[in-house]
Amino acid sequence: MARVGVFFSEKFKGRSWPIIGDRFRDFPEAFGELLNHPDFTLYEPKPVSEELLAKVHSRRLLETVRAAWHYEGARLTVGACVEALEKIWTGEINSAVVLSVAAGHHAGPDNAWGGTYLSSFGPAILNLKEKHGVRRFAILDTDSHHADGDRAMFRGNPNILHVCFCGFNRVEEGGLKVDVDVGWRTTDEAYLKLVEEEFLRRAEAFKPEAVLHSLGYDTCQGDYGDRGLTPAFFPRLVAKVKAFTDRVCGGRYLIAIMGGSNPQTASLIIPEMVRVLLS
Ligand SMILES: [Zn+2]
Ligand SMILES: [Zn+2]
């Protein structure tokens, strides 16, 4: 059995967030009976400190985002990622899912767009390095779009493996920074095979201390980054990565929900993914 933390704020619903809309409108009720599961904990996120943000972002970027209405949501999302990764490291929980708004993989040190205006993984990783000396992480990105922000954030960092499944093939930094073209139309099977070949194989050799996963469901049929995947794909993907983390890095696995705007898909797949993590 594994202990799973889910980070969610009531402030994440009831308004239309950039790109993703009100996708969490049916949470936390969508978790149903999981809310009573002894190994499931729902955490209320706390805003990330401005001090930590200033260590990963430029002053110019922070001035812009601070003036935006979505700043509080972004700050709570980043705070959730920071706290989740720390709780995973100290063993309070084994894995976590962060329901995210306005923060994530399109936010680099000095540039942010596409619905994500602060970096989620930059502060989380820096915090763990500063407090616990942990530095070696594998980042898997299965959103439909290229993770330009995270790539900029971790460029040249030899302790970060970043494998991004998007729309082009590229291998940089001797295989530490990799992009994989999944094709405009793919299938659940073909995508899972690519994850095995291009991420798990590299991560196996890299030996991370934890896996961080930007999990977008914009790739799902009918969503804005549709690549032909079915809702059943997402828990299968999580099961595959979980099995890897159980074997290689003590089950330490952080998932941040990235793109995707359909509320029904969110309510269907996120509880299913948590069920997989609990097993
Ligand atoms: Zn996306
Ligand atoms: Zn990419």
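Observations
- Number of residues in segment 139-180 that are among the charged types (D, E, K, R), more than 15 Å from ligand 1 (Cβ to nearest atom) and over 17 Å from residue 111 (Cα atoms) equals 4.
- When the residues of segment 14-35 are filtered to those that are aromatic (Phe, Trp, Tyr) and in contact with a Phe, Trp or Tyr (Cβ under 7 Å, 6 or more places away or on another chain), the one that is nearest to residue 219 (Cα to Cα) is 24.
- Exactly one residue among 117, 43, 71 is crowded, with 24+ Cβ neighbours inside 10 Å and either in contact with a Gly (Cβ under 6 Å, 6 or more places away or on another chain) or touching a residue at least 24 places away in the same chain (Cβ under 8 Å) (or both), and that residue is 117.
- Within segment 130-159, residues that are closer than 24 Å to residue 51 by Cα have Cβ atoms under 6 Å from residues that are of a type in the set (Val, Ile, Thr) and more than 10 Å from ligand 2 (Cβ to nearest atom) in these pairs: 137/125; 137/160; 154/160, counting only partners at least 6 apart in sequence or on another chain.
- Set side by side, the residues 250, 260, 174, 222 differ, and just one is modelled with pLDDT of 95 or more and either within 16 Å of ligand 2 (Cβ to nearest atom) or touching a Cys at 6+ places or on another chain (Cβ under 9 Å) (or both), which is 260.
- Residues satisfying the stated conditions in segment 14-44, i.e. out of contact with any strand residue (DSSP E or B) (no Cβ under 9 Å at 6 or more places or on another chain) and outside any loop (DSSP other than H, G, I, E, B): 17, 21, 29, 30, 32, 33, 36
- Matching residues, segment 141-180, being under 22 Å from residue 218 (Cβ atoms), small (Gly, Ala, Ser) and surrounded by fewer than 20 Cβ atoms within 10 Å (Cβ to Cβ): 152, 167
The values are calculated or read from the model by the stated rules, or taken from the named source; none is laboratory data. Please read these numbers as outputs of a predicted model, since none were measured by experiment. Glycine also receives a Cβ, built like all others from the backbone with ideal geometry; neighbour counts cover every protein chain displayed.
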